[in-house]
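A short write-up of the structure that comes next.
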Amino acid sequence: MAMRIDTTVLRDMKAFGAFDISACFNCGNCTAVCPLSQDSVAFPRRMIRYAQLGQKDDVVASRELWLCYYCAECSDTCPRQAEPGEFMAAARRYAIAGFDPTTIARRLYRSATFTWSLLAVVFTALLVILLAGSPGWPTGRVTSEALLTFVPYETIHWLGIGVGVAAVTLAVVTTVNMLWAISRAPAPGGLGLPARQAEVFPLAAALRALRTTLVEVVGHSRYRDCDTEKPAPPAPLPVRRWFVHYSIMTGMIGLALATALDYFFKTPGSYVPIWSPARLLGTVAGALLVYGATVAVVQRLRKADKYSSYSLLSDWLFLVFLWAIGVTGFVLELADYATLSSWVGVVFVVHIALAMELILLLPFTKLAHIVYRPIAIWFTEFRRLRATSA
């Protein structure tokens, strides 16, 4: 099969991150020091060669994109300061933009003007919809019940469904594009798919791949390796990158679960004690989210390491969105147990609009990796098991 060469790939990728892979002379030092280089996985040397040779399809189809956690050890030891760690981060942004047929992701990553304009338009549109049926600002002691009169529950409910359907539809389209790209690449290990298995779906391989994915995503096993295998002593646990990431991830999942429990088992606007299971889950999850986002912001401001030294607008917006959603959520929770005035209404609509905007933009932003990473890990592991079971 002829290899497609695109001489614009490396130049195009540079718009998605700060690296100088053209300085790389393929010494292999990055692969030698990377704690994740094992078996058929060569971090990040293989990806660099793909980009240097203009093999766009191989870049976006590589599982290394989603297995790399940017520990930056490769960048720290690169003799040419080519920043291979930042190259891998840029490659993920490049792939996300490539999977998106609307080109919104590409513009968000490459144009600050477009980013701010889109955020402002979407946020304003959400505010207009939320406030269109409002009878007026709440007065007196503002509780959840008063807030759901200020912005009718039905408005939030149907707007949320619309945003969710739009986000899921866009996520499905972009994920199908990702799977199509991965499926056209050689199976991990360079093995071809056995012809005699082409019409049989191997359930055992699918379940084993799912187990590997859960261990990777839930257990953060490889992410922890990035800390423990560094030559310098690891940072204290509360500020290690894997723990900060884990806090943000579990906070988001916990808040989603608490919201679902409220939806199915709680009357909208009704009072619940703070020790009720759903409220307690939401409080703990919110604390984890705010903690993780706060530490991540501080580390980026301080440029604490290589990973924190290169921050695009998309990185900042993702963290600020999460932090703002978490903090405003705590203010709204406080309104149920303390006497707060009508200004809480502003916090309420901002909280809802920010949360819905984040969900709506999920397929186009850094948050997309919450979908891409586990699916890519499962699919590549499934293909490997299927190919080696012959």
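The values are calculated or read from the model by the stated rules, or taken from the named source; none is laboratory data. The shown structure was predicted, so the numbers you read here are calculated from the model rather than taken from an experiment. Here the Cβ is made from the backbone with ideal geometry for all residues, glycine too, and neighbour counts use every protein chain on show.
Determine, yes or no, whether residue 320 is aliphatic (A, V, I, L, M), closer than 19 Å to residue 153 by Cα and surrounded by fewer than 16 Cβ atoms within 10 Å (Cβ to Cβ).
no
Quick test of your reading of the structure: residue 73 fulfils all but one of (1) more than 25 Å from residue 383 (Cα to Cα); (2) more than 23 Å from the chain's Cα centre (by Cα). Name the failing condition by number.
With respect to (1) more than 25 Å from residue 383 (Cα to Cα); (2) more than 23 Å from the chain's Cα centre (by Cα), residue 73 is out only on (2).
Identify, by number, the condition in (1) loosely packed, with under 15 Cβ neighbours inside 10 Å; (2) over 24 Å from residue 111 (Cβ atoms) that residue 328 doesn't meet.
Result: residue 328 passes all but (1).
Given the residues 261, 288, which is the only one that is surrounded by 14 or more Cβ atoms within 10 Å (Cβ to Cβ), modelled with pLDDT of 95 or more and of a type in the set (A, V, I, L, M, F, W, C)?
288
Yes or no: region 264-283 includes at least one residue that is modelled with pLDDT under 90, more than 29 Å from residue 17 (Cα to Cα) and of a type in the set (D, E, K, R).
Yes, the conditions are met somewhere in region 264-283.
Tally up the residues in region 61-90 that are assigned to a loop (DSSP other than H, G, I, E, B) and within 16 Å of residue 307 (Cα to Cα), please.
Selection size over region 61-90: 9.
Which pairs turn up if I take residues in region 154-168 that are under 19 Å from residue 268 (Cα atoms) and look for partners that are not in a helix (DSSP H, G or I) with beta carbon separation below 9 Å, at least 6 apart in sequence or on another chain?
Correct list of pairs: 154/133; 155/133; 155/134; 156/268; 157/268.
Can you pull out the residues in region 358-377 that are surrounded by fewer than 20 Cβ atoms within 10 Å (Cβ to Cβ) and over 10 Å from the mean Cα position of the chain (by Cα)?
Within region 358-377, 359, 360, 374, 375 meet the criteria.
How about region 331-373: which of its residues are among the small types (Gly, Ala, Ser) and closer than 26 Å to residue 104 by Cβ?
353, 355, 368
Checking the conditions here, which among 388, 365, 328 is over 30 Å from residue 226 (Cα atoms) and hydroxyl-bearing (Ser, Thr, Tyr)?
328
How do the pairs read when you match residues in region 245-257 that are free of Cβ contacts under 8 Å to residues at least 60 places away in the same chain with residues anywhere that are among the hydrophobic types (A, V, I, L, M, F, W, C) and assigned to a helix (DSSP H, G or I), using Cβ under 6 Å and keeping only pairs 6 or more apart or on different chains?
If the second residue must be among the hydrophobic types (A, V, I, L, M, F, W, C) and assigned to a helix (DSSP H, G or I), the pairs left are 247/288; 250/288; 254/281; 254/285.
Could you please give the count of residues in region 216-249 that are at pLDDT 75 or above and either surrounded by 13 or more Cβ atoms within 10 Å (Cβ to Cβ) or among the hydrophobic types (A, V, I, L, M, F, W, C) (or both)?
20
So residue 95 ticks every box in (1) hydrophobic (A, V, I, L, M, F, W, C); (2) part of a loop (DSSP other than H, G, I, E, B); (3) at pLDDT 85 or above but one. Which box is left unticked?
Every listed condition holds for residue 95 apart from (2).
Name every residue in region 182-200 that is part of a loop (DSSP other than H, G, I, E, B), at pLDDT 70 or above and farther than 15 Å from residue 67 by Cβ, in order of residue number.
Across region 182-200, the qualifying residue is only 184.
How many residues are among the small types (Gly, Ala, Ser) and in a helix (DSSP H, G or I) if we restrict to region 105-150?
Final tally of qualifying residues: 8.
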